[in-house]
Amino acid sequence: MISEIVQQFFVIKISTIQIYLLWFLLGSFTVATLSDIKHLSAQREFLHVWLLFTFAMFITDLYYHHYLTQNLVYLVAKWFLIFIVIPVYFKSIVKVAWGDIFAKMAATSILPPFFIVLFIIIIQIIDAITRRMMRIFGMGRAYPFMPAILFTTVVLLFIAIAVR
């Protein structure tokens, strides 16, 4: 029982369908990244797609972890990180746009809690590495943040595929 809980929190078990969903997200992130680099903003339609994607994953998790396996600890931990920690941390502390936050929420909605924390750490590292280059495309202190989200999602996708 304990090993099953630990495995749920620390091991990415992504189904083939979820990998396809991540590829879909990567496609939308790629187009949004190009838009962000060119216009310093992603189109509003992307925000709606990412919110709907996140909501669909929440409903899926709610069904699976509440009704089928009754694993409320996992469910609460994961969605607390996604709905509370990510928006508060990235809006209040890092100060990124809401579109970037919604993209992060969508990308992490497939991940277990440990990898959501890892996503936050990796994205900060990638942002620190790419920030100087991205400021070329920005204005003032603002710069495109979507490339960091795209690169972080690619890294986690390859990790998920590798540990499958």
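Pairs are defined by a Cβ separation below 8 Å, a sequence spacing of at least 6 or placement on different chains, a first member in the stretch 124-140 that is farther than 14 Å from Thr33 by Cα, and a second member that is of a type in the set (Gly, Ala, Ser) and in a helix (DSSP H, G or I); the pairs so defined are Ile126/Ala148.
Looking only at residues in the stretch 6-49 that are within 30 Å of Tyr74 (Cα to Cα), part of a loop (DSSP other than H, G, I, E, B) and of a type in the set (A, V, I, L, M, F, W, C), the one that is modelled with the highest pLDDT is Ile14. The condition (being crowded, with 18+ Cβ neighbours inside 10 Å, modelled with pLDDT of 85 or more, assigned to a helix (DSSP H, G or I) and hydrophobic (A, V, I, L, M, F, W, C)) is satisfied by just one residue among Ile101, Ile110, Ile59, Ile84: Ile101. All conditions in (1) touching a helix residue (DSSP H, G or I) at 6+ places or on another chain (Cβ under 6 Å); (2) under 17 Å from Gln18 (Cα atoms); (3) of a type in the set (Phe, Trp, Tyr) hold for Tyr64, with the sole exception of (1). Taking the criterion of being assigned to a helix (DSSP H, G or I) and buried (at least 16 other Cβ atoms within 10 Å of the Cβ), the residues of the stretch 62-78 that qualify are His65, Tyr74, Leu75, Ala77, Lys78.
For Ile129, the test of being over 9 Å from the mean Cα position of the chain (by Cα) and among the aliphatic types (A, V, I, L, M) is passed.
The values are calculated or read from the model by the stated rules, or taken from the named source; none is laboratory data. It should be emphasised that the depicted structure is a prediction, and the values quoted were computed from it without experimental measurement. As a convention, Cβ positions derive from the backbone with ideal geometry for all residues, glycine included, and neighbour counts pool all protein chains shown.
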